[in-house]
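Peer 1: Sharing a structure below in structure tokens format, with a few things to ask.
Please treat every number below as a calculation from the coordinates, not as lab data. Predicted, not measured: the structure shown is a model, and the values here were computed from it. Counting neighbours? That spans all protein chains shown, and the Cβs are built from the backbone with ideal geometry, glycine included.
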């Protein structure tokens, strides 16, 4: 049985079901991170003294590097979708592969940062700042891992769909891209909030 | 339905957005090293982050040309998000 409105827009919504689905999912993600950002504001407003991230050992250069890496991965992600739309499957693989590679670079840099913190005995239990720092960056890191899994599926076994139903495959890549750009968007706010302010 | 030529135009925009995002990241870091009053310090950083977020949402996520149903979903989400953000300051007097 064929799944209805996987490619064609649904007459009621004007968009394919998958697109509405991913946006509803992203709406729930906004509320998840929103609740944590709200907690951050509550903790910061309620604290007598709130440290600057860089004053207590957070590395601004490494976080800046990671910001650039995620921004670059967002560009390669959207370029992978654009390549499919231009019927260039080879370029799609190149761009999506680069996106996955950059995602791993982000995680490696994050792991270096975490190990530095642990070496200096900075744990979530150390202070309120480090509790919210590890919670926010840890949850974001899990989302990066989720993106790697989905993108790897689309690059390897999932790409067989390109031969039988290219429009549907391009839509899948677009939805994975929307998720990935959201992960980038969250980091765009995490970076100044945790490291610079 | 977008043609291959339309997509090529998009690609040029994506490259432009990438350059803008990289430049704004450097500006954010630079501003953080300036000796500014606390309010301006936070204000500038959040304004730059909001511009960067808007660029990603509008161009990479194609929100600049989306359907009404998607805007409706996001409008409701933004409303609840704003409520969440103001909840801590509104209740901090209790």
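Peer 1: Between 0 and 90 degrees, rounded to the nearest ten: what's the tilt of helix A:17-46 against the longest Cα principal axis of chain A?
Peer 2: 10 degrees
Peer 1: Rounded if a/c is under 1.5, else prolate if a/b beats b/c, else oblate: with a ≥ b ≥ c from the C-alpha gyration tensor eigenvalues square-rooted, which is region B:37-94?
Peer 2: Working: a/c = 5.43, a/b = 1.41, b/c = 3.86.
Here region B:37-94 falls in the oblate category.
Peer 1: Can you give the Kirkwood hydrodynamic radius for region A:51-92, in Å, rounded to one decimal and based on Cα pairs? The partial results should precede the final answer.
Peer 2: Working: mean 1/r = 0.0812 Å⁻¹.
Taking the inverse mean of 1/r over all distinct Cα pairs, region A:51-92 comes out at 12.3 Å.
Peer 1: Separate question: Please give the helix A:166-191 orientation as an angle from the longest Cα principal axis of chain A, in degrees from 0 to 90, rounded to the nearest 10.
Peer 2: 10 degrees
Peer 1: Could you work out how far helix B:4-32 tilts from the main Cα principal axis of chain B, as a 0 to 90 degree angle to the nearest 10?
Peer 2: 20 degrees
Peer 1: Quick one: order A:106, A:33, A:25, A:118 by neighbouring beta-carbon count within 10 Å, fewest to most. Display every interim value, and only then the final one.
Peer 2: Numbers: A:106 26, A:33 20, A:25 14, A:118 10.
Exposure proxy ranking, most exposed first: A:118, A:25, A:33, A:106.
Peer 1: Between region B:24-94 and region A:59-77, what is the separation of their alpha carbon centroids in Å?
Peer 2: Between the Cα centres of region B:24-94 and region A:59-77 lies a distance of 18 Å.
Peer 1: Ranked by Cβ crowding within 10 angstrom, fewest neighbours first, how are B:70, B:27 ordered? Before the final figure, lay out the partial values.
Peer 2: Details: B:70 22, B:27 15.
With the fewest neighbours first, B:70, B:27 line up as B:27, B:70.
Peer 1: Next question, about the same structure. Can you tell me the Rg and Dmax of the protein assembly as shown, counting just the alpha carbons, in angstroms?
Peer 2: Reported Rg and Dmax, both Å: 19.9, 64.
Peer 1: When Rg is the radius of gyration of the Cα atoms in region B:1-61 and Rh is its Kirkwood radius, what does Rg/Rh come to? Intermediate results must be reported in sequence, preceding the final value.
Peer 2: On the way: Rg = 15.3 Å, Rh = 13.1 Å.
The Rg/Rh ratio comes out at 1.17.
Peer 1: When a/c reaches 1.5 or more, the comparison of a/b and b/c decides; with that in mind, is region A:1-154 rounded, prolate or oblate per its Cα gyration tensor? Could you put the intermediate results ahead of the total?
Peer 2: On the way: a/c = 3.10, a/b = 1.68, b/c = 1.85.
Taking the square roots of the gyration eigenvalues as a ≥ b ≥ c, region A:1-154 is oblate.
Peer 1: How would A:48, A:167, A:55 line up from fewest to most surrounding beta-carbon atoms within 10 angstrom? Walk me through the intermediate numbers first.
Peer 2: Details: A:48 4, A:167 16, A:55 7.
Taking fewest neighbouring Cβ atoms as first place, the list is A:48, A:55, A:167.
Peer 1: Cα extents of region A:18-63 along the three principal axes, largest first, in whole Å?
Peer 2: Per principal axis, max minus min of the Cα coordinates gives 45, 29, 7 Å.
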